[in-house]
Amino acid sequence: MNTVLKPLADSLHLKCETAVPNEASIPEMAQRIDAVDWHDVEMDLNQHGSAMLRGLLSAQECDALVALYARDELYRSRVVMERHGFGRGEYKYFDYPLPDLVGALRTCAYPRLAPVANRWNQSMHIDVRYPALHADFIQRCHDAGQLRPTPLILQYGKDDYNCLHQDLYGEHVFPLQLAVLLSEPDEDFTGGEFVMTEQRPRMQSRVEVVPLRKGDAVVFAVHHRPVQGTRGSYRVNLRHGVSRLLSGHRHTLGVIFHDAL
């Protein structure tokens, strides 16, 4: 590990005893989250099913998270995608307790997204409503047996890719998730674009490519979202993936707000 990165990587590894991040890490992340124009984010989500948050993490934080990928003790499982027909490349799910930066991001972003999720469900005539605090939603997951944490880091090399998919994991699904690109396009890798598809009834799929840079985040629909039609709102189905890397290595932090069975 680069000695310049080691102190920050060690700080990211600081642990607490529960699914809740170290309280000292929350105020700084909350300031970043509060600085986002959430009105514009919701407009983009409503129109496109995704929204970008530019520069959410610093380059140093991205590098430190990538450095943690070799720390197997931080993770509950490793998945080699080709073995399961998911694509090529691999990813690791963090174990609880999460690194503080990851936990703080999950805790602080959720309250901004829960009102959007509730408005979406109301529009789609889905009865489920989400509590204001992430800890309360995680308790709902845990009460239903969804105990395994879902934040993860994905690693890709040349010719690796991620097939179109949805991250569901159980009965309780929060309808929005977040991904942060930890590598720099055209420097660390080429190709490897974040891709979304949207399938509307009786129409061909629409494709969206999200042009992320290092440290940028994208918030996007996990499963479906409402679209306004002539007879009211209807549901459209979404999937996401990563196109084939042409060269280099690419890492991504995935922040999923529900836990897994």
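For Gly103, state whether it is open to solvent by less than 50 Å² (accessible area, probe 1.4 Å) and touching a Cys at 6+ places or on another chain (Cβ under 7 Å).
Against the criterion (open to solvent by less than 50 Å² (accessible area, probe 1.4 Å) and touching a Cys at 6+ places or on another chain (Cβ under 7 Å)), Gly103 does not qualify.
With the requirement that a residue be closer than 23 Å to Cys62 by Cα and open to solvent by less than 20 Å² (accessible area, probe 1.4 Å), what does region 168-190 give you?
Scanning region 168-190 gives Leu176, Gln177, Leu178, Ala179, Val180, Leu181, Leu182, Ser183, Pro185, Phe189.
Looking only at strands (runs of 3 or more DSSP E) that fall completely inside region 61-178, which ones have 1 or more residues that are under 30 Å from Gln228 (Cα atoms) and in contact (Cβ under 8 Å) with a residue 40 or more places away in the chain?
Because the criterion is at least 1 residues that are under 30 Å from Gln228 (Cα atoms) and in contact (Cβ under 8 Å) with a residue 40 or more places away in the chain, the strands (runs of 3 or more DSSP E) in region 61-178 that meet it are 161-165.
Would you point out the residue of region 235-261, among those that are polar (S, T, N, Q) and either out of contact with any His (no Cβ under 6 Å at 6 or more places or on another chain) or modelled with pLDDT under 95 (or both), that is surrounded by the most Cβ atoms within 10 Å (Cβ to Cβ)? Steps first, please.
Going residue by residue through region 235-261, those that are polar (S, T, N, Q) are 237, 243, 247, 252.
Adding the requirement that they be either out of contact with any His (no Cβ under 6 Å at 6 or more places or on another chain) or modelled with pLDDT under 95 (or both) leaves 243, 247, 252.
Numbers: Ser243: 13, Ser247: 14, Thr252: 25.
So, considering only residues that are polar (S, T, N, Q) and either out of contact with any His (no Cβ under 6 Å at 6 or more places or on another chain) or modelled with pLDDT under 95 (or both), the one surrounded by the most Cβ atoms within 10 Å (Cβ to Cβ) is Thr252.
Can you name every residue in region 31-52 that is touching a residue at least 12 places away in the same chain (Cβ under 8 Å) and closer than 18 Å to Gly103 by Cα?
Scanning region 31-52 gives Arg32, Ile33.
Give the residues of region 109-122 that are more than 13 Å from the chain's Cα centre (by Cα) and either at pLDDT below 95 or under 14 Å from Asp34 (Cβ atoms) (or both), sorted by residue number.
Pro111, Arg112
The values are calculated or read from the model by the stated rules, or taken from the named source; none is laboratory data. These numbers come from a predicted model, not from an experiment. Backbone-built Cβ (ideal geometry, glycine too); neighbour counts: all protein chains shown. For the accessible areas, the whole protein counts, side chains as well, though only heavy atoms, and no ligand, DNA or RNA atoms are used. Shrake-Rupley method; radii C 1.70, N 1.55, O 1.52, S 1.80 Å.
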